[in-house]
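J.: Got a structure for you, questions after.
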Amino acid sequence: MRIARFTAGEDPQYGVVAGDLDQYGQPDEDAVVVALAGDPLYVGVKLLEQEHRLADVRLLAPVLPRSKVVGIGRNYAAHAAELGNDVPAEPLMFLKPNTSVVGPGDPIFYPPQTSNLQYEGELAVVIGRICRDVPPEQATDVIHGYTIANDVTARDLQKSDVQFTRAKGFDSFCPLGPWI
Ligand code: MG
């Protein structure tokens, strides 16, 4: 199931995207989005008798993180090597504020403080409920779904700052979507 968040010109809604995808994951022109009642994260998937052509709606970030986005760094060996870093024994973790989240087609703000803005394509895991100390064998119980993130990074600021807050935290530095 592909759960999107969209606007058809009015208040944002959630919906299920129906239709075939091509080999690049792009929906065909007959694809539709069937609206849902409420936020499926809280009320489950309740279909409404309301449908739009996917081409006629604007897709928004499919989830609005209530608190933050947790990033994992240096887990791609080739990317770590590209930047001259070793792969650490434990994952390097950082946060992106929820204010960095935008929709899949929204513009990315290019801050004047950087002259080296880079994209990082990421698998994003959407956690469906408040949780902590989840044992690995129960991790899938708290996963709502998966989407795609762009971990936009000001590479020069990442190098010059001690930590990643500024380099990865600007507004619009976490496009999400198109759907979960
Ligand atoms: Mg990244």
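Values in this text are rule-based calculations from the coordinates and carry no lab data. Owing to the predicted nature of the structure, the values given are computational and were not obtained by experimental measurement. FYI the Cβ positions are ideal-geometry reconstructions off the backbone, even for glycines, and counts take in every protein chain you see.
J.: So TYR42 fits all but one of (1) out of contact with any helix residue (DSSP H, G or I) (no Cβ under 9 Å at 6 or more places or on another chain); (2) within 22 Å of ALA154 (Cβ to Cβ); (3) without any contact (Cβ under 8 Å) to a residue 24 or more places away in the chain; what number is the exception?
T.: Of (1) out of contact with any helix residue (DSSP H, G or I) (no Cβ under 9 Å at 6 or more places or on another chain); (2) within 22 Å of ALA154 (Cβ to Cβ); (3) without any contact (Cβ under 8 Å) to a residue 24 or more places away in the chain, only one is false for TYR42: (2).
J.: In the stretch 68-111, which residue that is in contact with a helix residue (DSSP H, G or I) (Cβ under 6 Å, 6 or more places away or on another chain) and in a loop (DSSP other than H, G, I, E, B) is farthest from the ligand (Cβ to nearest atom)?
T.: Taking the candidates together, the pick is VAL87.
J.: Now, a different point. Of the residues in the stretch 129-168, how many are surrounded by 15 or more Cβ atoms within 10 Å (Cβ to Cβ), within 14 Å of the chain's Cα centre (by Cα) and either among the small types (Gly, Ala, Ser) or within 16 Å of the ligand (Cβ to nearest atom) (or both)?
T.: Residues in the stretch 129-168 being surrounded by 15 or more Cβ atoms within 10 Å (Cβ to Cβ), within 14 Å of the chain's Cα centre (by Cα) and either among the small types (Gly, Ala, Ser) or within 16 Å of the ligand (Cβ to nearest atom) (or both): 8 in total.
J.: If I go through the stretch 31-47 residue by residue, how many of them are more than 24 Å from ARG129 (Cβ to Cβ) and in a strand (DSSP E or B)?
T.: Count: 3.
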